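Undergrad: One structure follows; several queries about it will come next.
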Amino acid sequence: MPNASIPYRRALVTGASSGIGRALCFALDGAGVETITLVARNRTLLKEVADGLSCNVEIVIADLTQTADLEAVLEHAERSDLIINNAGVGSFGPFHSMDIQSELSMIDLNCRAPVHLAFHALSGMVTNGHGCIVNIASGMAFQAMPYMSIYAASKAFLLHWSEAVNAELSGTGVRVVTICPGTIHTNFATASMVPVNEIPGTGLVTGTIEDVVSSTLNAIAHNKAIAIPGFRHRLVQALSRLTPRGLARYVTAWAMANTHKQING
């Protein structure tokens with residue numbers, strides 16, 4: 001995929017050790033970014049990414065659900081003109097049976113960390129009249145998802161918060177871009193124990209990492225507020241807007257409940 005040039009020189013990418021985050025780092029390198037701060041928990045994987053990049057690299061080992069680790073990333077965020085909040089985690093099962101600490105930790109990673117990083121970066125960006133925040137949300141942000149209720153709600157928060165802040169920043173030279181991928185085959189499903197291959201209809205919204213990277217760079221380059229990678233995924237989302245909310249919730253709950261039953265008996 002040819003990389004479009006983008007007007008940013010110092011980027012920070014969370015969840016940079018694998019999957020979408022890793023691919024975005026290489027795309028940014030090819031798009032002319034001079035320095036990338038790689039943020040994730042796995043030092044070995046981050047080092048492998050860093051070794052493959054030609055630009056300047058800073059490595060920050062951090063668990064963004066931990067306050068001290070998150071605060072250690074803030075100084076890097078304040079010096080960046082492009083921040084990509086990609087780190088995220090999910091879960092699968094009925095809410096009342098989940099481990100509440102894990103669910104709260106998910107909210108910290110999916111919501112609190114992006115808000116914290118954006119808040120500390122935006123003042124400088126607005127002062128300079130230059131900067132961009134990219135938040136990697138999900139196609140699940142557009143509707144309630146039984147059996148993945150906290151994950152989908154966290155991505156809905158990310159989408160609506162991003163849209164609102166982007167509107168506030170109109171005319172400042174700074175913007176917030178939201179990317180809403182469908183199912184992407186990365187280590188997300190394994191790490192989150194989400195049985196993506198067992199959920200009916202997943203194939204309709206399955207895309208590739210290349211789709212997400214291309215959509216992200218295109219959205220950055222062309223001032224898009226929201227990007228939905230993949231033609232089929234965009235079509236599904238367009239059709240879903242015509243479906244009554246109650247019906248969509250009922251069908252989704254039925255499909256997810258059956259998947260949960262098949263897996264757990």
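Undergrad: From the residues in the range 157-169 that are open to solvent by 50 Å² or more (accessible area, probe 1.4 Å) and under 16 Å from the mean Cα position of the chain (by Cα), which one is nearest to T252 (Cα to Cα)?
TA: Within the range 157-169, the match that is nearest to T252 (Cα to Cα) is F157.
Let's see how each residue does on (1) modelled with pLDDT of 95 or more; (2) part of a loop (DSSP other than H, G, I, E, B); (3) under 19 Å from V212 (Cα atoms):
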residue: A23; (1), (2), (3): yes, no, yes
residue: T37; (1), (2), (3): yes, no, no
residue: L45; (1), (2), (3): yes, no, no
residue: V49; (1), (2), (3): yes, no, yes
residue: S54; (1), (2), (3): yes, yes, no
residue: E75; (1), (2), (3): no, no, no
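Undergrad: Could we say that S154 is open to solvent by less than 10 Å² (accessible area, probe 1.4 Å), modelled with pLDDT under 95 and farther than 16 Å from A248 by Cβ here?
TA: no
Undergrad: Given the residues A141, A137, A152, A68, which is the only one that is without any contact (Cβ under 8 Å) to a residue 40 or more places away in the chain and either in contact with a Cys (Cβ under 6 Å, 6 or more places away or on another chain) or on the phi > 0 side of the Ramachandran plot (or both)?
TA: A141
Undergrad: Under 9 Å between Cβ atoms, at least 6 apart or on separate chains: pull out the pairs that start in the range 93-105 with a residue that is at pLDDT below 95 and end on any residue that is open to solvent by 80 Å² or more (accessible area, probe 1.4 Å).
TA: What qualifies is G93/M193; G93/N264.
Undergrad: Oh, and also: Out of the residues in the range 204-256 that are part of a strand (DSSP E or B) and among the β-branched types (V, I, T), state the one that is least open to solvent (accessible area, probe 1.4 Å).
TA: The extreme case among them is T206.
Undergrad: Residues being part of a loop (DSSP other than H, G, I, E, B) and out of contact with any Asp or Glu (no Cβ under 9 Å at 6 or more places or on another chain): count how many of those fall in the range 124-176.
TA: Within the range 124-176, residues that are part of a loop (DSSP other than H, G, I, E, B) and out of contact with any Asp or Glu (no Cβ under 9 Å at 6 or more places or on another chain) number 14.
Undergrad: Could I ask something else about it? Kindly indicate the residue of the range 1-17 that is at pLDDT 95 or above and not basic (K, R) and also surrounded by the fewest Cβ atoms within 10 Å (Cβ to Cβ) among those meeting that condition.
TA: Only one residue fits best here, namely Y8.
Undergrad: Would you confirm whether any residue within the range 250-261 is of a type in the set (A, V, I, L, M) and closer than 23 Å to N166 by Cα?
TA: There is no residue in the range 250-261 that is of a type in the set (A, V, I, L, M) and closer than 23 Å to N166 by Cα.
Undergrad: For the range 81-91, state whether one or more residues are in a helix (DSSP H, G or I) and surrounded by 15 or more Cβ atoms within 10 Å (Cβ to Cβ).
TA: Scanning the range 81-91 turns up no residue that is in a helix (DSSP H, G or I) and surrounded by 15 or more Cβ atoms within 10 Å (Cβ to Cβ).
Undergrad: Looking at the range 32-61 only, could you name the residues that are under 29 Å from S149 (Cα atoms) and crowded, with 20+ Cβ neighbours inside 10 Å?
TA: Result: V39, A40.
Undergrad: Now, a different point. Considering the range 106-135 alone, what residues qualify as being of a type outside the set (G, A, S), open to solvent by 10 Å² or more (accessible area, probe 1.4 Å) and over 29 Å from G246 (Cβ atoms)?
TA: Result: D108, L109, R112, V115, H116, F119, H120, L122, V126, T127, N128, H130.
The values are calculated or read from the model by the stated rules, or taken from the named source; none is laboratory data. Predicted model, so just to flag it, every value in this text is computed and none were measured. Note that we place each Cβ from the backbone using ideal geometry, even for glycine, and neighbour counts take in every protein chain shown. Areas reflect the complete protein model, heavy atoms only, side chains present, ligands, DNA and RNA absent. Shrake-Rupley method; radii C 1.70, N 1.55, O 1.52, S 1.80 Å.
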